[in-house]
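These notes are about the structure you will find just below.
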Amino acid sequence: MNELGVKAATLWLPPDRESAPDGELSAADVERIGVTELYVSQGDLAPPQMAVRAAESTLEKSRFEPADIGLLAHSFSYHQGFDMWSPAHYVAHQAGIPDALPVNIQQLCNGGAVALHLAAKWLAATPASSAALITTADRFCAPGFNRWASDDDAAYSDSATAVLLGRPGEGDDFLRLLSLEMVTDSEWEAQMRGLDEFTTVPLGHGAPIDLRRANKVFRESGEAARLVKLGLPKLHELVLRALGAAEIGPADLSRIALPRLTRTMREGMFKPAISEIVGGNPRYLECGTGCLGAGDFLANLVDIEASLEPGEFGMIVQGTGGFTFTCAVVQRPE
């Protein structure tokens, strides 16, 4: 990819947190999840409204004019406040960029990465536009979702993120985006649906959403073990491809950010898999938010910048059910 710059970025988290309800989690569950509190939007703030807050903060930091921004890509994992509408149009309107092309992207926890990837391709194909804004927002609230127990691989915080992507030489860079690579294999899409039938209405399988049931079917069928066996070589190849595109080696990395999944997933799967390629020198970025849905990848962009010294390189790895992996290499400007 042609080198692009992240001009500004924001991670917006609500001020309130909550612990797991009494009796809902065992000590083993807490150890497996790895966090004891999650960020919760207690008021009436819907996800697109949260995205607007993140977008306004990012636009203010970047000092780009509204006319400079040609694309608004909004990504999400869960309900956005209405059943049939375009939250991307709402975010563009309320953030003061009404002429930007609004696009909605839904790919679960990889959504922010896909939105950034598509924005980069859009800028390459649209030379008349200077920048693209990428936003994410999710609110994982009852009765449709149990942030602590709907998924056995993640506990979910509410959040919004916004990233402004632009060309070299136009404004200051928050981070240099040196590579952004993806690999996918849609054979594994059944992991998220199990043996359930298709429904005709939202929440047709009941509320709250129960991803654990589908995961249990996937594991007991032997497909989970086959996914690990066949997926790891793809992940390794992806990491090497991202390093090659960035023209650096594993020893050049200072920090690595991983998906904000449970401690078991991060420590038991992702860290060993990545360390096979990069070795033990880079430090892994730890986080206390739990999963942010579509915001994971862009939130890691914000946090990895704060952990890097000028000139240092970082890597961000993201994955989602389906499955698709993303790997990016960034550099904090000197």
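Diagonalising the gyration tensor over the Cα atoms of the stretch 59-124 and scaling each eigenvalue by 5 before taking the square root yields semi-axes of 20, 16, 10 Å, largest first. In percent, rounded to a whole number, the relative contact order of the chain is 25, using alpha-carbon pairs under 8 Å and six or more apart. The stretch 1-43 and the stretch 107-139 have Cα centres lying 22 Å from one another.
Each of residue 275 and residue 126 was given a label point 7 Å from its Cα along the Cα-to-Cβ line. The distance between the two points is 4.3 nm. A convex hull fitted to the Cα coordinates of the stretch 77-222 yields 154 cubic angstrom per residue. By other beta-carbon atoms within 10 Å, ranking 325, 297 with the fewest at the front produces 325, 297. As a proxy for reagent exposure, ranking 84, 265, 50 by other Cβ atoms within 10 Å from fewest up yields 84, 265, 50. Here each label is just a point 7 Å from Cα along the line to Cβ, and for residue 17 and residue 201 those points are 3.8 nm apart.
The GNM of the chain, with springs linking C-alpha atoms under 10 angstrom apart, assigns the highest mean-square fluctuation among 240, 301, 180 to 240. For the stretch 86-145, the alpha-carbon radius of gyration amounts to 1.27 times the rule-of-thumb value 2.2 N^0.38 Å expected for a compact globular protein.
Within the chain, helices built from complete DSSP H runs that reach 27 Å or longer along their own axis (Cα positions) and carry a mean Kyte-Doolittle hydropathy of 0.0 or higher are 223-246. Using only alpha carbons, the stretch 26-77 has a radius of gyration to Kirkwood radius ratio (Rg to Rh) of 1.19.
Suppose we look only past 25 Å in the calculated P(r) of the chain. What percent of the Cα-Cα pairs does that tail hold? So the portion of pairs separated by more than 25 Å is 49 percent.
Calculated FRET efficiency, residue 56 to residue 306, Cβ-Cβ distance, R0 = 25 Å: about 0.75 to the nearest 0.05. Counting only DSSP beta bridges with both residues in the stretch 177-331, the antiparallel share comes to about 70 percent.
The modelled label-to-label distance between residue 186 and residue 212, using points 7 Å beyond Cα along the C-beta direction, is 3.1 nm. Name all residues of the stretch 153-185 having a backbone nitrogen under 20 Å from the label point set 7 Å from the Cα of residue 334 along its Cα→Cβ direction, giving them as ranges. The answer is 168-179, whose backbone nitrogens lie closer than 20 Å to the label point.
For the stretch 4-172, the convex hull drawn through the C-alpha positions has a volume of 119 cubic angstrom per residue.
If you run the Gaussian network model on the chain, springs between alpha carbon atoms under 10 Å, then out of 117, 205, 89 the most flexible one is 205.
When only C-alpha pairs under 8 Å and at least 6 residues apart count, what is the relative contact order of the stretch 177-331, in percent? Dividing the mean separation by the residue count of the stretch 177-331 yields 39 percent. Listed by Cβ neighbour count within 10 Å, with the fewest neighbours leading, 196, 252, 303, 151 appear as 196, 252, 303, 151. Could you work out the Kirkwood radius for the stretch 177-331, taking every pair of different alpha carbons, averaging 1/r and inverting it, reported in Å? Averaging 1/r across every pair of different Cα atoms and inverting gives 16.7 Å.
Bear in mind these aren't lab numbers, they're just calculated from the coordinates by the rules spelled out. Remember, predicted model here, so these are calculated numbers, not experimental data. Cβ sites come from the backbone with ideal geometry, for glycine too, and all protein chains shown count toward neighbours.
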